[in-house]
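Notes follow once the structure below has been shown.
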Amino acid sequence: QTVVGTSFGISLLLFVAVAFFGFATFGTNCAGLVLQNYSTSDSLMSLSRIAVALSILFSYPLAFVGVRDGILDLIQVPQSKRSNKLLNVVTVVLLSTITSLAYVLKDLRTLLAFNGATWGNAVIYLLPTYMFVSCVKTKLPERKELQAEIPWVIATGVIGLCMGIVGTILAIQG
């Protein structure tokens with residue numbers, strides 16, 4: 001537990017330092033990927049680009065398998081039905097979709113803004129609202145003080161939904 005906490009802390013500090021120095025160097029002209037701001041003739045930055053490419057190359061399959069298996073779980077395909085043929089078909093369809101999106105989306109800022117406006121908003125406002133209301137109604141119906149909070153929690157969820165819609169529209173508009 002201490003090792004994991006320390007590792008996450010060090011990673012956080014590194015990410016914050018890179019973001020800070022990237023913004024301090026380039027200001028509002030900083031590209032979505034900070035390495036794009038540096039000259040292609042800079043050998044140290046070329047080495048950094050290679051390191052990032054290798055990192056993506058070797059970590060992408062791990063994340064991809066999780067996404068593929070998660071999608072199969074969402075559509076409730078049992079483990080016993082997950083043949084190599086099915087896994088290969090799902091892999092090709094997902095990779096084709098992701099590659100097509102990557103070809104069309106040239107700027108990560110738009111994708112990140114859209115992602116934050118939709119998923120970030122859902123995690124912060126909508127899912128907790130749904131979980132609280134479901135839990136109180138099904139598991140704790142005798143708790144009247146919690147029943148009284150339901151309208152306020154729903155109101156918070158509606159406000160969050162409105163902010164998510166506005167954020168999504170702004171993200172799409174760029």
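The values are calculated or read from the model by the stated rules, or taken from the named source; none is laboratory data. Predicted model, so just to flag it, every value in this text is computed and none were measured. In this analysis, Cβ positions are derived from the backbone assuming ideal geometry, glycine residues included, and neighbour counts consider all displayed protein chains. The protein model used for the area step is the full one, side chains on, heavy atoms only, and it has no ligands, DNA or RNA in it. Shrake-Rupley method; radii C 1.70, N 1.55, O 1.52, S 1.80 Å.
Does at least one position in segment 70-85 carry a residue that is of a type in the set (S, T, N, Q), in a helix (DSSP H, G or I) and open to solvent by less than 60 Å² (accessible area, probe 1.4 Å)? No, the conditions are met nowhere in segment 70-85.
For beta carbons closer than 6 Å, sequence separation of 6+ or different chains, a first residue in segment 104-122 that is free of Cβ contacts under 8 Å to residues at least 24 places away in the same chain and farther than 10 Å from T168 by Cα and a second that is assigned to a helix (DSSP H, G or I) and open to solvent by 40 Å² or more (accessible area, probe 1.4 Å), the qualifying pairs are L105/L111.
Exactly one residue out of T25, T97 is among the hydroxyl-bearing types (S, T, Y) and either modelled with pLDDT under 90 or over 19 Å from the mean Cα position of the chain (by Cα) (or both): that is T25. With respect to the conditions (1) exposed (fewer than 12 other Cβ atoms within 10 Å of the Cβ); (2) of a type in the set (G, A, S); (3) in a helix (DSSP H, G or I), S46 falls short on a single one, namely (1). Give me the residue from segment 28-43 that is in a helix (DSSP H, G or I) and within 21 Å of T110 (Cα to Cα) and, out of that set, nearest to the chain's Cα centre (by Cα). So, considering only residues that are in a helix (DSSP H, G or I) and within 21 Å of T110 (Cα to Cα), the one nearest to the chain's Cα centre (by Cα) is V34. Can we say G22 is outside any loop (DSSP other than H, G, I, E, B) and over 29 Å from T99 (Cα atoms)? When the stated conditions are applied, G22 does not pass them.
Kindly indicate the residue of segment 122-174 that is polar (S, T, N, Q) and surrounded by 12 or more Cβ atoms within 10 Å (Cβ to Cβ) and also farthest from the chain's Cα centre (by Cα) among those meeting that condition.
As a first pass, look at segment 122-174 and keep what is polar (S, T, N, Q): 129, 134, 138, 147, 156, 168, 173.
Add one more test, that the residue is surrounded by 12 or more Cβ atoms within 10 Å (Cβ to Cβ), and what stays is 129, 147, 156, 168.
Numbers: T129: 20, Q147: 33, T156: 23, T168: 15 Å.
Looking at the filtered set, the residue picked out is Q147.
The set of residues in segment 86-105 being part of a helix (DSSP H, G or I), more than 20 Å from D69 (Cβ to Cβ) and open to solvent by less than 80 Å² (accessible area, probe 1.4 Å) consists of S100, A102.
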